[in-house]
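Here is the structure we will look at.
The values are calculated or read from the model by the stated rules, or taken from the named source; none is laboratory data. Keep in mind the model is a prediction, meaning the values are calculated, not measured. When we count neighbours, we look across all protein chains shown, and the Cβ atoms used for this are built from the backbone with ideal geometry, even at glycine. SASA here: full protein model, heavy atoms, side chains in, ligands and nucleic acids out. Shrake-Rupley method; radii C 1.70, N 1.55, O 1.52, S 1.80 Å.
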Amino acid sequence: MCHDSFRGSLFLLHCKGSNKMSELKKEEKKAKSKTVKTKKSEETAEKEKKRTIRKVVKKAETVKEEAIAEVMVDADGKSVEDEKKAKKTTKTKKSAVKKTVNEEIAQSVEEIVEDLGPRRSVAFIGSECYPFVKTGGLADVMYALPKELVKQNCDVKVILPRYKCIPWKYQEKMVYRGEFYMDLFADGRQYYVGIMEYEWDGVVYDFIDNEELFTSGNPYTNMVDDIPKFCYFSKAALCALLYLDWIPDVIHCHDWQAALVPIYLRTLFANSKLSSSKTMLTVHNLRFQGIYSQDAIRYWSGLPDYVFNKDVLTQNYNDANMLKGGLAYCDMITTVSNTYAGEIQSGFYGEGLDAHLRYHSGKLRGIVNGIDCDIWDPETDGRIFRNYVTEDVVENKKANKLELQKELGLGQDENKFVIGLISRLTNQKGLDLVNSIVPQIIDGNTQLIVLGTGDPGYEDSFRYYENAYKGEVCSCIQYDEDRAHRIYASADALLVPSLFEPCGLTQLIAMRYGTVPIVRETGGLKDTVDPYNMYEDSGNGFTFDGYDAGLLLDAINRAKTLYFENRESFDAMVKRDMTKDVSWKQSAAQYRELYLQLKP
Ligand code: ADP
């Protein structure tokens, strides 16, 4: 009897299984027809969608089979003792399984149909990219944005110089893809261009190889060396695309180092296959523009005379400005936050290009950066002392704090308010303000940890403060990724009082680690940090507007007051920060939207 009943259950399950199969097929058909209807013109996108939908349905099938197998085991186990009960349990479980499986398919198919628009191919051209070479936020963007775009139905190739300083562990894995010679300078000399390829996480990295030009340990040295180097790089990147016969829909250039690309494309490459590609130029920091004598840039770039006019490359009669030229010739300009997109059209933030940007403002957009949430994840970060999630952040952050205090020789006390500062030490970062109030910040209950390198003046003043406030101030004058992770995980607050900040990544990383940002309301800092509102108990950090040391001190004191007098609200902000979406998902979708607008 028991045996029969089991067989009966099996039969029932089989029937239900076939029902589910037909439902699955229906769902699949529905999704396919929906896809076909909406995306008829995009043949490649169609194929991709179908493939992904098939994958999801297959995955759901596996889930279903596993779940059914589980139900069967249960039914079998219980049938001897209580057949009725077992049947009932089986029935309930089966309907639960059916519901879950159907919901999962519906949701996944919906997501796919919603997410996957037409496919776009994009070539990123820029001068640095994590983890190969990094001097600042540009490298993070060049790594994380392509990775996210790949998930959003884009083909991405990243083109970079093959610097000698790229760690050997990456160099040795590069694959030779070809070589050719290219003319460049007006002297007619032929330059070697090698292409070395590296594939990682669905993104293809093509390194432009030329030992003569990229031998320096640092990607940037001085303008006399850098300008010819990046003229070569911009032209070689386009030649490499032609050589590889990879014609992207969009060529996405980054900063002045790649700003000549749109000009080359519309002049020397105007009759090539690449002429159908559109160009986007992203300004990560308007301060750096690639300015040098017009005659020299004319010689080094080999560009025709007619682009050396005041609307394109020429500046102040005698100079040429590479960024200015790129801004004029590209199809779309983006910068890394909405506020910064507005600010750079004003005299104060415009770095001499405000009128030029106002003129081109019709094609100027702002999109904030995100961060790579796999690298920056307090739950899995192998570089921090103690991992944590929102639920246990308070106690684990204290443990991290104590360990870091020990590592840095600071007084070990979990109750001290620890402020971090992780930054290039330049005047952009508001360090004059910090420098002038360190004695007021250090009040016996507060510690300051600085991590950065840069202008010797700032390096020395922070060294001085470390000496003057032993055990309370620690100045790590170095570039150290591991230490940066540990500071994000251990500090209570992070200072970003920048004079200007196109987007800023440190405040985003800080929030991900539950470290409250204290920022000046400028550029991306304004767009990403909501000020604390004591009446509603809302917001992500403490902000101030004017570039004034007194205002910075006031913001720090407001943070301290909340920390020492209302810890519950402070901890609630820590948790709010950790759950804020600082990933690339939304921003990458916005870039994709712009790529779609740039129809070839
Ligand atoms: P910028 O690009 O202007 O330097 P961002 O805030 O956009 O500033 O990006 C800075 C990036 O560099 C962040 O990932 C930050 O953690 C990292 N960083 C800055 N200084 C250091 C340092 N001394 N050691 C390690 N990482 C650093």
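Residue check: LEU421 meets all listed conditions (1) more than 14 Å from the ligand (Cβ to nearest atom); (2) crowded, with 21+ Cβ neighbours inside 10 Å but one, namely (1). In the stretch 397-409, is there at least one residue being loosely packed, with under 14 Cβ neighbours inside 10 Å, away from the ligand (no atom under 16 Å from the Cβ), over 27 Å from the mean Cα position of the chain (by Cα) and in contact (Cβ under 8 Å) with a residue 40 or more places away in the chain? Checked against the condition, which is being loosely packed, with under 14 Cβ neighbours inside 10 Å, away from the ligand (no atom under 16 Å from the Cβ), over 27 Å from the mean Cα position of the chain (by Cα) and in contact (Cβ under 8 Å) with a residue 40 or more places away in the chain, the stretch 397-409 yields at least one hit. Scanning the stretch 375-393 for residues that are modelled with pLDDT of 95 or more and within 23 Å of VAL496 (Cβ to Cβ) yields TRP376, ASP377, PRO378, ASP381, ARG383, ILE384, TYR388, THR390, VAL393. Restricting the stretch 248-278 to residues that are of a type in the set (Val, Ile, Thr) and touching a residue at least 60 places away in the same chain (Cβ under 8 Å) leaves a set whose member that is nearest to the ligand (Cβ to nearest atom) is VAL261. Counting the residues of the stretch 352-387 that are over 23 Å from LYS585 (Cα atoms) and either open to solvent by 40 Å² or more (accessible area, probe 1.4 Å) or free of Cβ contacts under 8 Å to residues at least 12 places away in the same chain (or both) gives 12.
What are the residues in the stretch 160-178 that are without any contact (Cβ under 8 Å) to a residue 40 or more places away in the chain and outside any loop (DSSP other than H, G, I, E, B), if any? Within the stretch 160-178, TRP168, LYS169, TYR170, GLN171, VAL175, TYR176 meet the criteria. Among the residues making up the stretch 272-314, those that are open to solvent by 60 Å² or more (accessible area, probe 1.4 Å), assigned to a loop (DSSP other than H, G, I, E, B) and closer than 17 Å to CYS330 by Cα are LYS310, ASP311. Taking the residues in the stretch 146-164 that are at pLDDT 95 or above and over 12 Å from GLY202 (Cα atoms) as candidates, determine which candidate is most open to solvent (accessible area, probe 1.4 Å). It comes out as ARG162. Whether a residue is farther than 30 Å from ILE297 by Cβ and not in a strand (DSSP E or B) was assessed, and ALA139 does not pass this test. Of all the residues in the stretch 115-136, those that are assigned to a strand (DSSP E or B) and either within 16 Å of the ligand (Cβ to nearest atom) or free of Cβ contacts under 8 Å to residues at least 40 places away in the same chain (or both) number 2.
Annotation: of all residues in the stretch 213-262 being touching an Asp or Glu at 6+ places or on another chain (Cβ under 7 Å) and modelled with pLDDT under 95, the one that is least open to solvent (accessible area, probe 1.4 Å) is PRO219. Of the residues making up the stretch 557-582, those that are open to solvent by 30 Å² or more (accessible area, probe 1.4 Å) and either more than 26 Å from VAL389 (Cβ to Cβ) or not in a helix (DSSP H, G or I) (or both) are ASN557, ARG558, THR561, GLU565, ASN566, LYS580, ASP581. Among the residues of the stretch 427-451, how many are over 15 Å from ASP554 (Cβ atoms), open to solvent by less than 30 Å² (accessible area, probe 1.4 Å) and either among the hydrophobic types (A, V, I, L, M, F, W, C) or assigned to a loop (DSSP other than H, G, I, E, B) (or both)? Matching residues across the stretch 427-451 total 7.
Of all the criteria given as (1) more than 19 Å from ASN415 (Cβ to Cβ); (2) in contact (Cβ under 8 Å) with a residue 24 or more places away in the chain; (3) out of contact with any strand residue (DSSP E or B) (no Cβ under 7 Å at 6 or more places or on another chain), the one not satisfied by TYR458 is (3).
Could you tell me whether MET534 is open to solvent by less than 50 Å² (accessible area, probe 1.4 Å) and farther than 30 Å from PRO118 by Cβ? Spelling it out, it is not the case that MET534 is open to solvent by less than 50 Å² (accessible area, probe 1.4 Å) and farther than 30 Å from PRO118 by Cβ. The residue pairs whose first member lies in the stretch 419-434 and is charged (D, E, K, R), whose second member is near the ligand (Cβ under 10 Å from one of its atoms) and assigned to a strand (DSSP E or B), and whose beta carbons are closer than 8 Å, counting only pairs six or more residues apart or on different chains, are ARG424/GLY454; LYS429/VAL496.
Residues of the stretch 203-212 that are within 21 Å of TYR130 (Cβ to Cβ) and open to solvent by 10 Å² or more (accessible area, probe 1.4 Å): VAL204, ASP209. Scanning the stretch 452-503 for residues that are part of a helix (DSSP H, G or I), more than 8 Å from the ligand (Cβ to nearest atom) and within 29 Å of the chain's Cα centre (by Cα) yields a total of 8. Looking across the stretch 321-351, the residues that are farther than 24 Å from GLN428 by Cβ and open to solvent by less than 40 Å² (accessible area, probe 1.4 Å) come down to ALA328, CYS330, MET332.
Of all the residues in the stretch 504-523, those that are over 16 Å from the mean Cα position of the chain (by Cα), open to solvent by less than 10 Å² (accessible area, probe 1.4 Å) and either within 9 Å of the ligand (Cβ to nearest atom) or under 29 Å from GLU351 (Cα atoms) (or both) number 5.
If you go through the stretch 180-189 and keep only what is open to solvent by 80 Å² or more (accessible area, probe 1.4 Å) and modelled with pLDDT of 95 or more, you end up with just TYR181. Could you check, for the stretch 546-554, whether at least one of its residues is of a type in the set (Phe, Trp, Tyr), touching a residue at least 40 places away in the same chain (Cβ under 8 Å), surrounded by fewer than 22 Cβ atoms within 10 Å (Cβ to Cβ) and assigned to a loop (DSSP other than H, G, I, E, B)? Yes, the stretch 546-554 contains at least one residue that is of a type in the set (Phe, Trp, Tyr), touching a residue at least 40 places away in the same chain (Cβ under 8 Å), surrounded by fewer than 22 Cβ atoms within 10 Å (Cβ to Cβ) and assigned to a loop (DSSP other than H, G, I, E, B).
Taking first residues from the stretch 493-506 that are within 22 Å of ILE441 (Cα to Cα) and partners that are near the ligand (Cβ under 6 Å from one of its atoms), the Cβ contacts under 6 Å between residues at least 6 apart in sequence or on separate chains come to VAL496/GLY504; VAL496/THR506; THR506/ILE422.
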